[in-house]
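The values are calculated or read from the model by the stated rules, or taken from the named source; none is laboratory data. Everything numeric in this text was worked out from a predicted model, so none of it was measured. Here the Cβ is made from the backbone with ideal geometry for all residues, glycine too, and neighbour counts use every protein chain on show. Protein only, heavy atoms only, side chains kept; ligands, DNA and RNA dropped before computing areas. Shrake-Rupley method; radii C 1.70, N 1.55, O 1.52, S 1.80 Å.
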Amino acid sequence: MKKSPAPSEVYLEGVFQLRGRDFVDAGLVSSRIKNSLKNKGVPEDTIRKIAVIAFETEINIISYAKEGTISFYLLPDRVVIEAEDSGEGIENIEMALQEGFSTADDSIREMGFGAGMGLPNIRKFSDDFEIVSEPGRGTYLKSSVMLNGNYRAKDDQDDNA
Amino acid sequence: MKLSEIRKILDARVVVGEDKLDLEIKTAFSADLMSDVLAFARAGCLLITGLSNPQAVRTAYALDIAAICVCRGKTLSAKFIEIARELKIPILVTDYIMFETSGRLFREGMTGCIREVAIEEKSRAQ
Ligand SMILES: Nc1ncnc2c1ncn2[C@@H]1O[C@H](COP(=O)(O)OP(=O)(O)OP(=O)(O)O)[C@@H](O)[C@H]1O
Ligand SMILES: [Mg+2]
């Protein structure tokens, strides 16, 4: 399902593995992606949007999948979050995208999640959003936040993730 | 309002950030559900929450939230404190319930980081 961008136009990228039900470090990938994007000339509000999108995506994979990956790409005109998991999949995507729809159990609620706001949030903060799911096989999600035209990647692309 | 004033108004303990008591914070957001925080809270605000697990700190970090006040006298895990130190997010703990915590700060001039959701959604769409 994955259609990653051509390597030539990627300024910066990272891939993170996640295991389902591994709640201890939930949110860590979002923090790491945020750290990677700092000091690269990306506007702060864009970084915040990407951090929220990564956070909700990460919590969903930990909550509903056995394992999955989250990748981010810094491109000339956008930042992209791409996620793939081998989870239970989503039966009815339209329903899952509605605010308040949730199948979260108590362990997820204890973490402060399970309000049925994650996917709506991701869509709200994305300029471009795509989700494909096969029940029983897994879910693919791609979200982009556009950079305005005058962005130029800074030279200091040392990875501090 | 300085973090030191917030501490006084809430009879709060400073768990992380003794060195940041001069920090100015003008707005706040109160919630236990992190997805609501991620949807509606704003950079620079105070997060008032009863959630005492590390996801509260990571949520605050994602949004550049200035500080967290944990209400209802919740005990914080070592992990919570460790992550807050690492991410440099000041943590206060108050015994007041969320209503009392928010009300005391509001009475002293602090406002919500957004006032209502409908208006907010419209301004976002513009
Ligand atoms: N990666 C996924 N794999 C399988 N099911 C998913 C996945 N992501 C979301 N879902 C399903 O879609 C529902 C809605 O997801 P959403 O993120 O919007 O809300 P939530 O996770 O239930 O609560 P919140 O995100 O507000 O904490 C989930 O309850 C779950 O049933
Ligand atoms: Mg979710």
Order of exposure, largest accessible area first, which applies to B:LEU47, B:LEU23 with probe 1.4 Å: B:LEU23, B:LEU47
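Please list A:VAL15, B:VAL15 from largest to smallest accessible area, probe radius 1.4 Å, with all protein chains kept in place. Please list the in-between numbers first.
Details: A:VAL15 85, B:VAL15 45 Å².
Listed by decreasing accessible area, they come as A:VAL15, B:VAL15.
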Charged-residue dipole, Cβ positions (Lys, Arg, Asp, Glu), the range B:22-120 about Cα centre, Debye nearest 20: 140
Total charge dipole magnitude, the range A:12-149, about the Cα centre, Cβ charges on Lys, Arg, Asp, Glu only, Debye to nearest 20: 480
Listed residues A:VAL80, A:VAL10 arranged by accessible area, highest first, probe 1.4 Å: A:VAL10, A:VAL80
Rg/Rg_ref, the protein assembly as shown, where Rg_ref = 2.2 N^0.38 Å and atoms are Cα: 1.00
Let me know the longest stretch in chain B that avoids all trypsin sites (Lys or Arg not before Pro) found in a DSSP loop with at most 13 other C-beta atoms within 10 Å. B:27-87
In square angstrom, rounded to the nearest 10, how much accessible surface does A:ASP45 have for a 1.4 Å probe? 80
The answer for B:GLY112, listing residues at least 5 apart or on another chain whose modeled amide H is closer than 5 Å to its amide H, is B:ALA28
Looking at B:PHE80, B:ILE97, B:LEU38, which one has the Cα that reaches farthest to the positive end of the dipole of the protein assembly as shown (charges on Cβ: Lys, Arg +1; Asp, Glu -1)? B:ILE97
For A:ILE131, solvent-accessible area (1.4 Å; no DNA, RNA or ligand), Å²: 30
Rg/Rh ratio calculated on Cα atoms of chain A (Kirkwood radius): 0.96
A plus B alone minus the pair: what accessible area, both sides summed, probe 1.4 Å, in Å² to 100? 2000
Surface accessible to a 1.4 Å probe, A:SER30 within the full protein complex, Å²: 0
Would you count, across chain B, every pair of lysines whose alpha carbons are under 28 angstrom apart, provided the pair is eight or more residues apart or spans two chains? 18
If pairing requires two Cys Cβ atoms under 4.7 Å apart, which cysteines of chain B are left without a partner? B:CYS69, B:CYS71
Hey, got the average number of other protein chain Cβ atoms within 10 angstrom for residues in B:28-37? 5
Over chain A, give the accessible area per residue in Å² for a 1.4 Å probe, as an integer. 48
Kindly express, to the nearest 10 degrees and within the range 0 to 90, the angle between helix A:44-64's C-alpha long axis and the longest C-alpha principal axis of chain A. 30
Counting lysine pairs in chain A that sit 8 or more positions apart or on different chains, with Cα atoms under 24 Å apart, gives 26
At a 1.4 Å probe, what is the % contribution of carbon and sulfur to the accessible area of the range B:47-105? 56
Farthest toward positive dipole pole in chain A [+1 Lys/Arg, -1 Asp/Glu at C-beta], among A:TYR11, A:PHE55, A:PHE101: A:TYR11
